[in-house]
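Each reported figure results from applying straightforward, stated rules to the coordinates on display, with no laboratory input. Everything numeric in this text was worked out from a predicted model, so none of it was measured. Cβ: placed from backbone, ideal geometry, glycine included. Neighbour counts: every protein chain shown.
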Protein chains: 2
Amino acid sequence: MADSCRIPQARALLQQCLHARLQVRPAEGDAESQWVEVQRGLVIYVCFFKGANKELLPKMVNTLLNVKLSEAENGKHVSILDLPGNVLIIPQATLGGRVKGRNMQYHSNSGKEEGLELYSQFVTLCEKELAANSKCVEAGVVVEHGTYGNRQVLKLDTNGPYTHLIEF
Amino acid sequence: MADSCRIPQARALLQQCLHARLQVRPAEGDAESQWVEVQRGLVIYVCFFKGANKELLPKMVNTLLNVKLSEAENGKHVSILDLPGNVLIIPQATLGGRVKGRNMQYHSNSGKEEGLELYSQFVTLCEKELAANSKCVEAGVVVEHGTYGNRQVLKLDTNGPYTHLIEF
């Protein structure tokens with residue numbers, strides 16, 4: 001783990017789900033809350049740090065969509081593209097926090113605007129990757145994503161989240 | 001983030017839940033699967049690395065149970081002890097993985113036996129901490145935990161997981 005000396009530009013947490021529901025718009029007045037959901041998918045919680053460069057994004061997308069962490073019918077692990085499965089991207093700036101005493105500090109997090117820009121581009125690149133993959137297109141798998149800045153109200157059903165952390 | 005140069009001894013991922021159910025024993029023959037569940041609690045996924053020293057554990061417990069990440073009725077963040085809330089500890093060795101190409105490697109993880117020993121002691125220390133806290137005892141909050149080595153089949157309902165990472 002010697003190269004963890006480098007301050008990361010981004011942090012991604014991956015979990016495997018049978019089903020996930022994420023609120024993308026809270027209830028307001030008469031309008032009900034709005035949700036997205038995925039079946040049999042990869043949940044990617046993502047956070048960007050100060051100084052993160054958008055040139056990082058294609059590499060992030062390539063790594064996260066090709067890493068072999070999804071369980072196929074035969075028990076072997078394949079990428080989410082090869083499964084093929086759905087992807088749920090959740091903005092999770094809290095992942096950038098660092099504990100100090102009893103509090104968390106978020107000094108290394110990207111600014112709000114930079115974070116939104118990077119997050120939006122990350123989502124778009126993931127969508128493009130799935131759209132360019134014939135196996136995914138045939139299976140009709142999709143990328144859903146949370147609304148940056150909102151409370152990420154999440155319901156998760158798993159057969160084991162198989163949680164992994166990848167830094168960039 | 002300069003001191004991330006130090007190889008961690010342990011990694012903990014924290015999520016806030018409204019309700020969580022975790023399988024602690026899979027179905028076998030005629031015996032049904034067994035589950036534990038917590039309401040309104042802190043989920044701690046934990047992983048130990050090679051060379052982790054048991055002297056680390058009291059500090060880990062102190063930090064994780066006192067960090068102010070749980071949302072009180074008034075919207076402020078308090079520790080799980082102060083909420084007071086339940087704790088669900090999930091062994092998650094996968095958190096120790098490091099990506100190499102399309103695969104994850106777990107070279108830095110503790111051995112199976114050392115990991116079990118550290119995990120068991122960690123759970124015990126958390127139980128003791130809650131049992132020694134009068135607010136927790138009065139409220140009847142508990143520590144539940146997963147079975148080390150099993151598939152951690154988890155169902156999670158949140159009002160936002162508010163995911164945080166803490167390394168030791």
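Here A:Lys50 passes the criteria (1) facing chain B (nearest Cβ under 9 Å); (2) in contact (Cβ under 8 Å) with a residue 12 or more places away in the chain; (3) not polar (S, T, N, Q) except the one numbered (1). Here B:Ala27, B:Ala93 are screened, and the one residue that is of a type in the set (Gly, Ala, Ser), more than 11 Å from chain A (Cβ to nearest Cβ) and within 19 Å of A:Gly160 (Cβ to Cβ) is B:Ala27. Residues of the stretch B:145-164 that are facing chain A (nearest Cβ under 7 Å), within 14 Å of B:Ala20 (Cβ to Cβ) and outside any loop (DSSP other than H, G, I, E, B): B:Leu154, B:Lys155, B:Leu156, B:Asp157. The numbered conditions (1) crowded, with 18+ Cβ neighbours inside 10 Å; (2) more than 14 Å from the chain's Cα centre (by Cα); (3) on the phi < 0 side of the Ramachandran plot are all true for B:Val43 except (2). Scanning the stretch A:80-89 finds no residues that are of a type outside the set (Ser, Thr, Tyr), within 14 Å of chain B (Cβ to nearest Cβ), more than 24 Å from B:Leu14 (Cβ to Cβ) and without any contact (Cβ under 8 Å) to a residue 24 or more places away in the chain.
Number of residues in the stretch A:150-164 that are under 24 Å from A:Gly51 (Cα atoms) and surrounded by fewer than 21 Cβ atoms within 10 Å (Cβ to Cβ) equals 1. Has the stretch B:122-134 got any residue that is surrounded by fewer than 22 Cβ atoms within 10 Å (Cβ to Cβ), small (Gly, Ala, Ser), outside any strand (DSSP E or B) and within 14 Å of another protein chain (Cβ to nearest Cβ)? Scanning the stretch B:122-134, I find no residue that is surrounded by fewer than 22 Cβ atoms within 10 Å (Cβ to Cβ), small (Gly, Ala, Ser), outside any strand (DSSP E or B) and within 14 Å of another protein chain (Cβ to nearest Cβ), so the answer is no.
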